[in-house]
1. Taking the full set of protein chains and a 1.4 angstrom probe, give the accessible area of Leu301 in square angstrom, rounded to the nearest 10.
2. Summarise the accessible area of region 345-482 (1.4 Å probe, protein heavy atoms) by the percent that is carbon and sulfur.
3. Going toward the positive end of the dipole of region 435-513, with +1 on Lys and Arg Cβ and -1 on Asp and Glu Cβ, which of Val500, Val460, Gln444 do you reach last?
4. With each pseudo-label sitting 7 Å past Cα toward Cβ, what's the Ala71-Phe89 distance in nm, one decimal?
5. Students sometimes get this wrong: rank Trp457, Trp159, Trp43 by accessible area, probe 1.4 Å, all chains present, largest first.
6. For region 120-245, which whole percent of the accessible surface, found with a 1.4 angstrom probe, sits on carbon and sulfur atoms?
7. Of the heavy-atom accessible surface of region 1-87 (probe 1.4 angstrom), what whole percent is carbon and sulfur?
8. Calculated from DSSP H runs of 4 or more alone, at -39500 (n - 2.57) each and per residue, what is the 222 nm mean residue ellipticity of the chain, nearest 500?
Amino acid sequence: MTRAGWWRLALLAPPVAFLGVFFAYPVAAITGRGLRVDGAWAWGRAGEVLTDPDTLHVLWFTGWQAAASTALTLALALPGAYVFARLVFPGKRLLHAVVTVPFVLPTVVTGAAFLALLGRGGLLDELWGVRLDTTVWAILLAHAFFNYAIVVRTVGGLWAQLDPRQEEAARVLGAGRFAAWRRVTLPALVPSVAAAALMVFLFTFTSFGVVQILGGPRYATLEVEIYRQTAQLLDLPTAAVLTLLQFAAVVLLLGAHGRITRRRESALALVDPQRAARRPRGAAQWGLLGGTLAVIALLLLLPLAVLVERSLSGPDGYGLAHYRALASTEGGTFLVAPWEAVGNSLRYAAVATAIALLIGGLAAAALTRRAGRFTRGFDALLMLPLGTSAVTVGFGFLIALDEPPFDLRSSWILVPLAQALVGVPFVVRVMLPVLRAVDDRLRQAAAVLGASPPRAWREVDLPLMRRAALVAAGFAFAVSLGEFGATVFIARADAPTLPVAVARLLGRAGELNYGQAMALSTILMLLCALTLLALESLRPARATELV
C-alpha cells in the first residue's frame, strides 16, 4: 500500500470505529434481541409481522403520506427555488436564512407550532372554528414546513449557477420562453429536483416527532409504530422487524440519491450565481416573487408567530407567566425545573458538535479524493444515521452499551453521542465539497517540497476549509439541539433536553403545561434561528446545499 493509502486508512479508522460502536452495534443488538428466541433466529415471527394487516396499514400510510408530503413540498418550494436563484430583491439574504430555520427546528417544535395553529383551541379554531389536527392535512403541511428549505437550497443552489446564456441562445434561435426553459434548463435541473425529492421523501418516510404530536392514534408511520411497539407494548420482535423494514427502505433511497448526486456532479458547467440573478421584470416574475413571499409568510412564519403568541398568552392576558413558571418544579412533570433543560441542551449540543466535527472532519478528509466503490460506499454509510430509526438507536444504546468496556447506560455522554450520530452526516456534506474543490496540484507541490501528508493537509487544506468547518459546526449544533427520537429514551429524568421537555409537557393536561411547552419551544426556536443567522454570514459562496 502507498503512503497516501496508509494516510487515508488512518483517517478512516476513527469514523469507522465510531459508527461501528455507536450505530451498527446498538442497532444490531436491539434487532438481534428481538428476533432471537432461546438463542435461535425466529424468522417465522418476521413473516407473521410482515403479513399482519396492521403492519401493511402502517406501511401503506407511511409510503403514501411521504409521497403526498413530497409532492406538496415540491409544489410550494420550486417557485421559491427560482425566486432565490434568479431574482434580486431587498432582504433576500435574510429571507434565505429564515426559510432554513424550520429545517433545523426540532420536530416536536414543528408539531407544537402546528398544534397551536390548527389544533383544538388553535388560531384557526378560535377565528373560524376550523381544526385540522384530526386530519392528515396537518401532517402534510407540517412536513412541507419542515422540508421547504431542502428544495430551495438544493434546487435553487444549482439553478443559481446555471448559465442563463444557454437559454437566451435558444430563444435567439426561435424557441419560445417556455420551450427554451423546457429544453435547456429543465433537463439540467431534473437530477437536482429528483435528489431533493428523494431527501424529502426520506425525511417524511421516517418522520417521528411531527406524526407523534399531530397524528394521534389514527395515523402512525413506521417510526412511530416502532416507538409504540418498543416503549408502550414492549413487543421487541415486532419492533425489530419494522426496524429492518425501514432500514431496507432507507438503504434503497440513499442508493438512489447517491446515483443521482453523482450524475448531477459530472454533467454541468456552472457560473457565478451573481451573474445569473437580476431584479424582477414583468408581471410573471413579480407574481412569482409575491406568491413566494405569501407562501413563506403563511407556511413558515405564521406557525412560528402563533407559537410565540401562545407562549405569551395566559389566563390574565399577555405576559411572561409561562416563562416564569419554567423556573418552578410545581406540577411534578420533572424532577428539576423545566428551565434547566435549556442549559442541558446547550451543554449536550456543544459536546455533540465537537464529536461530530472530529468524526465528520476525518471522514470528509478521507473521502476528498474519489477512489472507487469502497469510498462511495462509505460515503453512503455516513448518511445512514439520518434515515435509520432514531428510536431503535436510542433503545439500542440502553440494551447494548451496558457492559465493559462500553458500560455507558448511566452516563451523560450517551446523549451527546446519539446527537453526534445525526450531526456527522451534516459535517461531511458541508465539508466534502469544499475539500474536493481544493486544487490537488497544491497538495502535490507540498509533497514535492517534502511535506508529509499530515503537514500538507495542515498547510493546504486546513486554511481553505476553516469557514466550512465553522458552518458544519453550526449545523451540527443546531441539529443536536433538536434531536428527539433517540434522546427521548436516554435523557435522564433529572437532566431533560429541550425537545424531551417539550414533548413531556405536551403529553400532560393543563393550561400551564401547554403554556410552558410553548415557552420552551419558543426558546428552542430562537436558539436554532440565531445559530442559522450566524451561519448565513459564514457560509462559503458555493455551499448552497443543506445535504
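The values are calculated or read from the model by the stated rules, or taken from the named source; none is laboratory data. All values reported here derive from a predicted model rather than from experimental measurement. Counting neighbours? That spans all protein chains shown, and the Cβs are built from the backbone with ideal geometry, glycine included. Just so you know, the surface numbers come from the protein's heavy atoms only, side chains and all, with ligands and any DNA or RNA stripped out. Shrake-Rupley method; radii C 1.70, N 1.55, O 1.52, S 1.80 Å.
1. The value for Leu301 is about 80 Å².
2. It is 63 percent, rounded to a whole number.
3. Of Val500, Val460, Gln444, it is Gln444.
4. 2.8
5. Largest accessible area first, the residues go Trp43, Trp457, Trp159.
6. That fraction is 61 percent.
7. Percent of accessible area from carbon and sulfur atoms in region 1-87: 70.
8. Result for the chain: -22500 deg cm²/dmol, rounded to the nearest 500.
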